[in-house]
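Scroll down for the structure; my scribbles are underneath it.
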Amino acid sequence: MEPENFQELFHRLEREVSKVIVGHDDVIRKVLIAFFAGGHVLLEGVPGLGKTLLVKSLSQVLGMSFKRIQFTPDLMPSDIVGTQVLAESDGRREFQFKKGPIFAHVVLADEINRATPKTQSAVLEAMEEKQVTVFGESYALESPFMVLATQNPIELEGTYPLPEAQLDRFFFKLLVTPPSPVELKEILQRTTGAESAGVSSILSDDDNRLIGGMKQLLRQVLIAPPIEDYVVRLIYATQPSSSNGSLAESPVKQYLRFGSSPRGAQSVILGAKGNALAEGRVHVSYEDVEKVVYPALRHRIILNFQAEAENVNADQILGALVKQVPRT
Amino acid sequence: MRELSGQNSRESPERLVSRLVAQLSHQVLWDSLLCFFPPLLVFIYMAGYLYHGAWVGPLAALLVTLVSIGIGILVVTLRYRPLVPSVAKASRLVDEHAGAKDRFLTLATIDPSRWPAGLVARLRAETASFLDRIELRRDFPYQVKNSFYASLIGSVLALLLFHLLLPVAHSTLTSLPAPQRLREVAEKMAVRPRLLEIARSLQTLAAKLEDPRVVHEERQALIEETQKKVGEQQKKEAQKDDRDLLGQAASTLKNLEQQSGAGQDQQKNNEKGGGGMQSNLPQEGQGKGKPSPGGGGEQKGEMSAQLSKDMQQGKTAHSDPKEQSGEKNSQKQGDGKSNQPDPNRPDPNKPGMEKGKDSAGKTQGGGDDKGGRGKTSEEIPQGTPPADRFHQAGEQGREGIKGARYVTVQLPEEVAAETKGEKGGNKDTKGNRVGSKVPVSNVPLPAHVPDAPTETQHMPLEYRGIIR
């Protein structure tokens with residue numbers, strides 16, 4: 001796989017999804033980067049912003065199997081991963097494993113915070129292990145496998161917020177923001193007219209090798225040691241207990257309870273590599289890192305009560321960090 | 001330029017970064033040198049100046065110079081080493097100038113063996129396309145940093161301060177005893193054959209100055225003679241070192257002469273006193289003036305004793321302003337006048353202010369009288385010279401008219417001139433007569449006649465009818 005091919009294919013996918021999703025170019029790009037980096041994405045936004053449509057369109061253009069799970073409080077883990085059922089074949093009765101909706105290339109976990117923690121953990125285990133175990137028997141999930149979970153930041157009554165340890169398993173957390181007036185007008189023109197736009201598949205089931213090649217290329221993207229050091233400094237700077245004197249007065253000390261895990265650093269590096277490839281480069285630049293710091297770390301840093309009381313969000317803290325941490 | 005561009009395009013990006021590192025290192029080295037060169041020069045100049053001015057010996061000057069150079073090298077090294085740009089820093093600079101989005105940085109810092117060769121080759125090819133945008137001399141010219149200007153200004157200020165403070169240091173150092181200074185200069189001169197004679201003269205002078213048997217006039221003459229010699233030698237000398245030494249000697253001698261002159265004045269003042277008071281009243285001659293409880297009576301008594309001693313010797317104290325000032329100086333230096341309490345201020349240690357006032361009232365010139373006027377008692381003398389014993393009251397004797405109760409006050413000329421025509425004199429705020437405004441009264445008091453009729457007072461007219 002050549003970098004030029006990657007870039008071309010990547011842009012084709014972006015353009016195709018953009019046919020049905022107006023705006024959110026950054027979200028589309030980040031979702032595609034997460035896909036090729038082998039990660040899962042948590043989409044957060046109020047209802048009606050096209051989160052589900054985005055995921056559905058993405059699976060269509062990728063030519064992957066797509067399953068949607070609507071999370072509710074009464075959803076059971078077996079409803080997701082599947083269960084053993086007694087089946088009769090050739091006059092013999094035996095238990096057969098009936099696969100749940102998790103067995104798909106692209107899984108949409110809609111409103112994941114409405115399910116109980118028990119059910120959430122079943123999904124999240126599958127996300128991490130890429131396999132499920134039912135009655136002591138493990139079943140491998142599809143490859144490529146990607147979970148796109150959505151959650152609603154409002155209407156928190158009756159929800160079960162994802163634990164930090166489970167949030168950490170998402171590669172990116174993307175914020176789906178309301179469209180601008182221009183974008184809204186475009187949405188209206190596309191959806192209220194006689195013709196409705198649709199997406200066509202760019203890849204097919206047979207292109208698994210191609211996707212595998214793209215994933216491999218992403219990991220081969222060159223990154224300079226000073227940039228790796230910069231990422232390390234950024235991650236270390238998110239630790240409130242870090243002994244970085246220059247950041248003593250930073251919002252980190254003031255508003256953070258816990259900093260990012262090493263998974264955050266991995267996400268930043270892989271995300272930066274994906275961004276570099278998407279821009280036609282075979283090396284990571286500082287700008288790539290700074291572009292992916294926010295989606296990679298915003299759900300990995302845990303704010304304290306003071307931050308919530310003062311309505312300080314994670315992006316503000318990360319912005320301050322990016323300004324404070326020197327590149328060299 | 002075109003040639004350079006062609007050269008750049010043939011050059012590998014890594015090589016360009018290496019060249020930039022070397023260039024920036026040189027620039028940093030220059031910066032460090034320029035930063036510490038002015039102070040180093042100033043130190044060396046100071047050492048040289050002190051050496052030429054014979055403040056320090058050649059060894060000390062050499063040592064200071066070498067130490068300054070050593071410290072300079074050390075400081076330059078310490079400053080230079082951390083500022084040497086790394087490959088990453090240099091490549092980032094190239095990236096910023098060429099807009100290469102960290103291509104130079106990546107290429108210069110990665111280990112090619114760890115990464116796919118195809119991607120590295122691709123990156124190198126991409127980076128090479130940016131080489132034409134970079135011209136090291138053009139894009140990274142050497143510019144003198146502000147630190148150099150700051151260092152230069154600081155050094156010049158230090159130099160000015162050195163020259164300003166040197167005289168102060170000189171005066172501080174020359175506060176050593178004069179003979180010692182003369183010996184030091186003489187020792188320095190002794191190593192120079194042409195100044196050997198002067199050195200001997202200075203040694204001799206130093207010895208004489210320390211000899212208590214040598215009288216003042218002799219010292220003075222010796223100083224003047226040596227000064228003359230030094231002056232003549234100074235005119236002859238062409239070498240700066242020798243002239244400096246001679247200058248030091250001349251300066252020391254001049255100071256010595258001034259001190260000697262001042263000492264002589266002081267001595268004169270001590271002998272003469274400033275102004276004075278002559279009384280025809282016989283003195284005990286022991287200098288034991290009546291102690292005044294009100295105002296430093298003992299010291300005043302001493303002054304009075306001094307005066308009376310002079311008077312007995314037939315000397316008339318006279319005053320001129322210089323002597324008066326000299327006297328004041330001498331009082332400040334030696335006689336503990338400063339310890340005297342202020343007569344106008346009540347002293348808690350005094351047994352009684354009234355007594356002091358009485359005493360002051362009895363004294364011509366009042367209790368406020370300062371300086372050499374002293375205090376003369378009006379009490380009847382306990383003893384008279386034998387020759388006067390046979391004189392009748394009112395007769396002219398050796399000490400003047402016998403029994404005449406008057407005092408002769410001789411004021412300093414300037415005070416006398418001021419008070420000329422002022423019969424009443426001035427009074428201070430407390431009503432006491434101010435010493436300098438004491439009226440001159442040489443009118444002899446009427447002779448005391450024992451059998452003379454007493455003065456009768458006429459009865460006031462308004463009482464005559466009543467009493468009669």
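For A:Ser260, B:Ser113, what's the fewest-to-most ordering of other Cβ within 10 Å of each Cβ? Write down the numbers at each step before the final one.
Working: A:Ser260 26, B:Ser113 7.
Listing A:Ser260, B:Ser113 from fewest to most nearby Cβ atoms yields B:Ser113, A:Ser260.
Evaluate the distance, in nm, between pseudo-label points positioned 7 Å from the Cα of B:His163 and of A:Lys323 along their respective Cα→Cβ axes.
Going by the 7 Å Cα→Cβ label model, 5.1 nm.
With 18 Å as the cut-off, how large is the P(r) tail for the stretch B:76-156, expressed as percent of Cα-Cα pairs? Write down the numbers at each step before the final one.
Details: 1848 of 3240 pairs.
So the portion of pairs separated by more than 18 Å is 57 percent.
Using amide H atoms built in the peptide plane, which far-off residues or other-chain residues are under 5 Å from A:Gly82 H to H?
The list, which skips near neighbours in sequence, is A:Gly100.
Largest first and in whole Å, what are the equivalent-ellipsoid semi-axes of the stretch B:108-247 based on the Cα gyration tensor, each being the root of 5 times an eigenvalue? Before the final figure, lay out the partial values.
Values: eigenvalues 1104, 52, 47 Å².
They are 74, 16, 15 Å, listed from largest to smallest.
Once Lys and Arg get +1 and Asp and Glu get -1 on their Cβ, which of B:Leu50, B:Ser151, B:Ser32 lies farthest toward the positive end of the dipole of the stretch B:2-155?
Result: B:Ser32.
Among the chymotrypsin sites (Phe, Trp or Tyr not before Pro) in the stretch B:69-164, which ones are in a DSSP loop with at most 15 other Cβ atoms within 10 Å of the Cβ? Mind listing them? Let's see the in-between values first.
Numbers: sites: B:Tyr80, B:Phe104, B:Phe130, B:Tyr142, B:Phe148, B:Tyr149, B:Phe162; in loops: B:Phe130, B:Tyr142.
Within the stretch B:69-164, the qualifying chymotrypsin sites (Phe, Trp or Tyr not before Pro) (loop, at most 15 other Cβ atoms within 10 Å) are B:Tyr142.
Holding the Cα-Cα limit at 27 Å, pick out from A:Lys273/B:Lys89; A:Lys67/A:Lys130; A:Lys19/A:Lys323; A:Lys291/B:Lys145; A:Lys130/B:Lys101 the pairs that are longer than that.
Numbers: A:Lys273/B:Lys89 22 Å; A:Lys67/A:Lys130 15 Å; A:Lys19/A:Lys323 36 Å; A:Lys291/B:Lys145 35 Å; A:Lys130/B:Lys101 36 Å.
In this structure, A:Lys19/A:Lys323; A:Lys291/B:Lys145; A:Lys130/B:Lys101 exceed 27 Å between Cα atoms.
Kindly put A:Ile223, A:Ile202 in sequence by how many other C-beta atoms sit within 10 Å of each C-beta, fewest to most. List each step's numbers first, then the result.
Working: A:Ile223 22, A:Ile202 16.
Listing A:Ile223, A:Ile202 from fewest to most nearby Cβ atoms yields A:Ile202, A:Ile223.
Under 5 Å between amide H atoms, partner at least 5 residues away or on a different chain: which partners does A:Tyr139 have, H built in plane at 1.01 Å?
A:Val132, A:Thr133, A:Val134
So how strong a dipole does the stretch A:221-324 carry about its Cα centre when Lys and Arg Cβ are +1 and Asp and Glu Cβ are -1, to the nearest 20 debye? All intermediate terms of the calculation are to be shown ahead of the outcome.
On the way: 10 positive and 10 negative charges, 45 e Å.
Roughly 220 debye, rounded to the nearest 20.
Quick one: B:Leu78, B:Leu29, fewest Cβ neighbours within 10 Å first, how do they rank?
Values: B:Leu78 11, B:Leu29 16.
Exposure proxy ranking, most exposed first: B:Leu78, B:Leu29.
Using Stokes-Einstein with the Kirkwood hydrodynamic radius over Cα pairs, what translational diffusion coefficient do you get for the stretch B:220-260 at 4 °C and a viscosity of 1.567 mPa s, in µm²/s rounded to a whole number?
Working: Rh = 10.2 Å.
Result for D is 127 µm²/s.
For the stretch A:197-318, would you read off the P(r) tail past 25 Å as a percentage of all alpha carbon pairs?
On the way: 2734 of 7381 pairs.
Of the Cα pairs, 37 percent sit more than 25 Å apart.
How would the stretch A:42-134 be classified by its alpha-carbon gyration tensor: rounded, prolate or oblate, with rounded meaning a/c under 1.5 and the a/b versus b/c comparison settling the rest? Walk me through the numbers before you get to the answer.
Details: a/c = 2.47, a/b = 1.68, b/c = 1.47.
In terms of gyration-tensor shape, prolate.
Just subtract the alpha-carbon distance of B:Ser18 and B:Thr77 from 0.36 nm times their residue separation and send over the number in nm, one decimal. Walk me through the numbers before you get to the answer.
On the way: separation 59, 0.36 × 59 = 21.24 nm, distance 2.12 nm.
19.1 nm is the gain from fully extending B:Ser18 to B:Thr77.
What are the principal axis extents of the Cα atoms in the stretch A:159-204, in Å, biggest first?
In descending order, the Cα extents are 46, 34, 19 Å.
What is the Cα radius of gyration of the stretch B:92-137 over 2.2 N^0.38 Å, N being its residue count?
Numbers: Rg = 10.8 Å, N = 46, 2.2 N^0.38 = 9.4 Å.
So the stretch B:92-137 has a normalised radius of gyration of 1.14.
Can you give the relative contact order of the stretch A:1-146 as a percent, counting alpha carbon pairs under 8 Å and 6+ residues apart?
Values: 190 pairs, mean separation 32.0, N = 146.
It comes to 22 percent, rounded to a whole number.
What's the magnitude of the charge dipole for chain A around its Cα centre, counting Lys and Arg as +1 and Asp and Glu as -1 at the beta-carbon? Answer in Debye, nearest 20.
Numbers: 34 positive and 40 negative charges, 56 e Å.
So the magnitude is around 260 debye.
Which of the GluC sites (Glu not before Pro) found in the stretch A:251-328 are in a DSSP loop and have at most 16 neighbouring Cβ atoms, other than their own, within 10 Å?
When the GluC sites (Glu not before Pro) of the stretch A:251-328 are filtered for loop state and at most 16 Cβ neighbours within 10 Å, A:Glu279, A:Glu310 remain.
Would you please name the chymotrypsin sites (Phe, Trp or Tyr not before Pro) within the stretch A:121-202 that are DSSP coil residues with at most 15 other C-beta atoms within 10 Å of their C-beta? Let's see the in-between values first.
Details: sites: A:Phe135, A:Tyr139, A:Phe145, A:Phe170, A:Phe171, A:Phe172; in loops: A:Phe135, A:Phe145, A:Phe170, A:Phe171.
Answer by residue number: A:Phe135.
Sequence-distant or interchain residues sharing an amide H contact under 5 Å with A:Leu174, placed H: which?
When sequence neighbours closer than 5 places are left aside, the close amide H contacts are A:Leu42, A:Leu43, A:Glu44.
May I have the pair-distance distribution P(r) for the stretch B:2-155, computed from all Cα-Cα distances with 5 Å bins from 0 and rounded to whole percent?
The percentages, shortest bin first, are 2, 9, 14, 15, 12, 10, 9, 7, 7, 5, 4, 3, 2, 1, 0.
Given N residues in chain A, what is its alpha carbon radius of gyration divided by 2.2 N^0.38 Å? All intermediate terms of the calculation are to be shown ahead of the outcome.
Working: Rg = 20.8 Å, N = 328, 2.2 N^0.38 = 19.9 Å.
Dividing the Cα radius of gyration by 2.2 N^0.38 Å gives 1.04.
Where a number appears in this text, it was derived from the coordinates with a stated rule and is not lab data. Bear in mind the structure is a predicted one, so any value in this text is a computation, not a measurement. Ideal geometry is used to build each Cβ from the backbone, glycine not excepted, and the neighbour counts take in all protein chains shown.
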